[in-house]
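The values are calculated or read from the model by the stated rules, or taken from the named source; none is laboratory data. Fair warning: this is a prediction, and the values are worked out from it, not measured in the lab. Neighbour counts are summed over all protein chains in view; Cβ atoms, including those assigned to glycine, are modelled from backbone coordinates with ideal geometry. Note: areas computed on protein heavy atoms with side chains; ligands, DNA, RNA excluded. Shrake-Rupley method; radii C 1.70, N 1.55, O 1.52, S 1.80 Å.
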Amino acid sequence: TTNNGISLDADQFEYDKNLNILKAFGNVIINDEINEIKIVSDDIVYLRNEEKIFTNTESKAISNDTIIKANSFNYNKKLNILNAKGNAKVEDLVKNYNIISDEITYFKNLEKFISKSKSEAFDENLTIKANEFEYNKLLNTVNANGNVIVDDKIENLLIFSESITYLKNREKIFTQGN
């Protein structure tokens with residue numbers, strides 16, 4: 001455990017004292033007790049001076065009933081931001097909501113997720129596809145932009161638009177553009 005609330009467990013460690021860089025390999029588990037986030041991966045690089053953690057293999061992060069999975073992570077402890085790249089997926093276990101994309105950034109202090117490039121958000125009744133998303137977990141809202149397609153399975157309805165705002169708590173969708 002470090003003095004900044006990070007604890008690490010792994011099969012093997014490599015520490016460069018001059019650069020203050022720690023590498024960990026095999027069954028790596030990182031607990032950030034201050035920011036309440038846990039990262040699991042097969043390898044990490046921890047830049048202690050910058051308080052940044054990078055993974056290059058399939059990784060999982062768990063925080064406040066939310067699971068994030070991707071091929072690689074870039075976690076900035078100071079800003080409390082996690083960037084997930086490659087087959088990124090967010091599962092909100094409380095609100096039963098999922099987002100998949102090539103890249104998703106989690107702004108933990110704001111409980112906000114932003115996805116870039118061919119994104120999809122869905123629950124059991126509604127699927128939204130768009131170029132990019134912004135999901136606000138606190139407000140339970142989704143903003144989708146660029147070639148948006150909404151598939152409402154209950155109403156058997158398809159909506160095409162340039163952008164939408166979905167107020168999940170009120171079950172209302174506002175569209176803008178074609």
Checklist outcome for this item: If we keep only residues of region 124-170 that are assigned to a strand (DSSP E or B) and on the phi > 0 side of the Ramachandran plot, then the residue most open to solvent (accessible area, probe 1.4 Å) is ASN147
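I'm trying to understand the selection: among the residues of region 36-49, which are open to solvent by less than 30 Å² (accessible area, probe 1.4 Å) and closer than 20 Å to LEU110 by Cβ?
Residues satisfying the conditions are ILE37, ILE39.
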Checklist entry - Restricting the search to region 111-123, which residues are assigned to a strand (DSSP E or B) and open to solvent by 20 Å² or more (accessible area, probe 1.4 Å)? => result LYS112, ILE114, LYS116, GLU120, PHE122
Checklist entry - Only one residue in ASN49, ASN56, ASN64, ASN27 is modelled with pLDDT of 95 or more and more than 18 Å from ALA144 (Cβ to Cβ). Which one? => result ASN27
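Residues of region 142-162 being within 16 Å of SER117 (Cα to Cα) and small (Gly, Ala, Ser), which ones?
Listed by number, the residues that qualify are ALA144, GLY146.
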Next on the checklist: Need a quick list: strands (runs of 3 or more DSSP E) entirely within region 50-110 having at least 3 residues that are open to solvent by less than 40 Å² (accessible area, probe 1.4 Å) and hydroxyl-bearing (Ser, Thr, Tyr).
Outcome noted: 97-107
Item to check | Subset of region 8-33 that is assigned to a loop (DSSP other than H, G, I, E, B) and within 17 Å of GLU51 (Cα to Cα) - its residue that is least open to solvent (accessible area, probe 1.4 Å) | outcome: ASN20
